[in-house]
Amino acid sequence: MVPRGEGYSMSGWNHRHILDLASFSREDYASVLELAERFRALPVTGARKIPALQGRLVATLFFEPSTRTRSSFELAAKRLSADVMSFSPSSSSLSKGESVLDTARTYVAMGADVLVVRHRSTAVPQQLAEDLERAGERTVVLNGGDGLHSHPSQGLLDLLTLARHFSPQHPMPEALQGKRVVIVGDILHSRVARSNLWALTACGADVVLCGPPSLLPDAFEAFVDAPPPGFSVDPVPVRGRITIERRLEKALDGADAVMTLRLQKERMGQQLLTDLDRYHRDFGLSHQRLLLCGKAVPVLHPGPVNRGVEMTGELLDDLKICLVEEQVRNGVPTRMALLYLMAAAESAAESSLVSSSS
């Protein structure tokens, strides 16, 4: 059972695996947001669950640390009545030399219907999905974050958070049309930024990127200019623009929303950044700096936050402006929507296979 409402349909959903957002159409974003909003309206306490994934097994294979994403996916699966298995690298056979592929296939052999995979190397979820397809397995793969490439569920929950802010009664892609969204920080090493660039521009937002040249190459201005990999034509006919602004004060002028990214301190060791205090002076957010937007604007951050680096502690604790907790709150219904849509697509594929063989 899923919450019903006028106009809701999954007939256009055709993503068996969810590996990135580059291939999403505007209708795909609408499907996720609408379903996530319905799940968000359900009670979060008590014994009530939705039996949508009853009898299904969701395995979370996180080969790198995670708090929000992993916990959110597992809670989402349980609220849909799925069984959940968690993988921990520290207590696994990886230490004995087992490969990532063999680890994944072990969970498939145990009956996993969905693998949520997070890995520090780019394209690991895609490689697993391709291997499972070649082997004729019915298991589907959902990318929980891979290298510098993509974090689709984070991009979608950020989209839901912004859509709810701009249009609480109708949080759909059109709520972002024409909005100026500023993303500040380490764009070069951020899979979150890449997913947000696909999602925000697909919904008509203009994105301003801001950061030092070592963390924001000029090439990002053309990030969505070419069709996504594997596509001859962009599934989104008209996208918002991407521009780069090196001075935060100028980037914030006229902004409708600001997202700042975690500064990965290991970049200091790579000589990509030399002084955290200077970074905060140049690119850190504060109440005073946000006055440059000319109006009250929301602040987002995928977490975890380095207090006093990406933003001041006072701003982080101001829940009227900072939507970090709202992002976490929106993570569960967004991931419920993805799991539900993937299960529906899998069921349709199974029905088609049975029909064709009978």
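For Phe223 and Lys320, the difference between the fully extended length at 0.36 nm per residue and the C-alpha to C-alpha distance is 31.7 nm.
Taking Asp218, Asp186, Asp206 as the candidate residues, the one with maximal mean-square fluctuation in a Gaussian network model of the chain, Cα springs under 10 Å, is Asp218.
Order by neighbour count: His119, His301, fewest other Cβ atoms within 10 Å first, most last.
Fewest to most other Cβ atoms nearby, the residues stand as His119, His301.
Whole-Hz Karplus values for region 70-82 come out as 5, 4, 5, 5, 5, 5, 4, 5, 5, 5, 9, 6, 7 Hz, taken residue by residue from phi with 6.51 cos²θ - 1.76 cosθ + 1.60 and θ = phi - 60°; glycine and proline positions read x.
Sorted fewest first by neighbouring Cβ atoms within 10 angstrom, Phe231, Phe166, Phe63 come out as Phe231, Phe166, Phe63.
Taking the Cα centre of the chain as origin and assigning +1 to Lys and Arg Cβ atoms and -1 to Asp and Glu Cβ atoms, the resulting dipole is close to 660 debye.
Please say if region 152-324 is rounded, prolate or oblate, where rounded means a/c under 1.5 for a ≥ b ≥ c the square roots of the C-alpha gyration tensor eigenvalues, and otherwise the choice is prolate for a/b larger than b/c and oblate otherwise? Because a/c hits 1.5 or more and a/b fails to exceed b/c, region 152-324 counts as oblate.
Annotation: extensible slack from Thr122 through Arg246 equals 41.9 nm (criterion: 0.36 nm per residue apart, minus Cα-Cα distance). The angle between the Cα long axis of helix 152-166 and the main principal axis of the chain comes to about 60°, on a 0 to 90 degree scale.
Here region 152-324 is assigned +1 on the Cβ of each Lys and Arg and -1 on the Cβ of each Asp and Glu. Its dipole about the Cα centre then comes out at about 120 debye. Where both bridge residues fall in the chain, DSSP classifies roughly 5% of the beta bridges as antiparallel. The slack in the chain from Arg16 to Ser214, taken as 0.36 nm per residue of separation less the alpha-carbon distance, amounts to 67.6 nm. Taking label points 7 Å from Cα along the Cα-to-Cβ direction, Val233 and Glu64 give a separation of 3.6 nm.
Simple rule: put +1 on each Lys or Arg Cβ and -1 on each Asp or Glu Cβ in the chain, find the dipole, and look at Trp198, Val181, Ile242; the Cα lying farthest toward the positive end is Val181. With a Cα cut-off of under 18 Å and a minimum spacing of 8 residues unless on different chains, the lysine pairs in the chain number 5. Panel order for Lys49, Lys250, by other beta carbons found within 10 Å of each beta carbon, from fewest to most: Lys250, Lys49.
Throughout, read-outs are computed from the coordinates displayed, never taken from laboratory work. Just so we're clear, the structure is a prediction, and the values are computed from it rather than from any experiment. Ideal geometry is used to build each Cβ from the backbone, glycine not excepted, and the neighbour counts take in all protein chains shown.
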